[in-house]
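Colleague: Pasting a structure here, questions to come.
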């Protein structure tokens, strides 16, 4: 069967068998159980590329250390809006996965999502100032309440000895 003949009657086509396509497919099946969903993955198994531990560490995408989601303005201030939005979206995904587990639709999420420490490391005074400003912009939000910041080499050595 060709690609076109397989998908000509699909209501939804998902490209890639990673965690996000799987989540979207499961979510759509909850909302529209009669829809036909086709998923295409070029690798031998789902979740081997971006969702795999080498690329994603199985931690999800919560904007915890992606510095590009909190850009600095010309005055040095940091806009936390995008990082907050992405983290909120991740929390909604976690709630949905919890719903799937509670209702016996999937097994333990330990196979695809795990809480692990995140760290951003920068070099230079300007980058350290940006990281400090980012910390100060995000820390008041409950989603980032456990975030820590340090320029103390002894503390950084405890967190990441190979960096120091």
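The values are calculated or read from the model by the stated rules, or taken from the named source; none is laboratory data. The structure displayed is predicted, hence computed values, not measured ones. We place every Cβ from the backbone using ideal geometry, glycine too, and count neighbours over all the protein chains shown.
Colleague: Take the residues in the range 122-143 that are at pLDDT below 95 and in contact with a helix residue (DSSP H, G or I) (Cβ under 7 Å, 6 or more places away or on another chain), then tell me which one is farthest from residue 80 (Cα to Cα).
Modeller: The selected residue is 122.
Colleague: Given the condition modelled with pLDDT under 85, under 30 Å from residue 9 (Cβ atoms) and out of contact with any strand residue (DSSP E or B) (no Cβ under 7 Å at 6 or more places or on another chain), answer yes or no: does some residue in the range 113-121 qualify?
Modeller: no
Colleague: Report, by residue number, each residue of the range 72-97 that is surrounded by fewer than 16 Cβ atoms within 10 Å (Cβ to Cβ) and in contact with a helix residue (DSSP H, G or I) (Cβ under 8 Å, 6 or more places away or on another chain).
Modeller: 76, 77, 79, 82, 88, 91, 96
Colleague: What pairs come up if the first residue lies in the range 94-121 and is without any contact (Cβ under 8 Å) to a residue 24 or more places away in the chain, the second is part of a helix (DSSP H, G or I), and their beta carbons are under 6 Å apart, counting only those six or more places apart or on different chains?
Modeller: That search, which allows pairs on different chains as well, returns 109/97.
Colleague: Taking the condition exposed (fewer than 15 other Cβ atoms within 10 Å of the Cβ) and modelled with pLDDT of 95 or more, does residue 53 pass?
Modeller: Judged against the criteria, residue 53 is not a match.
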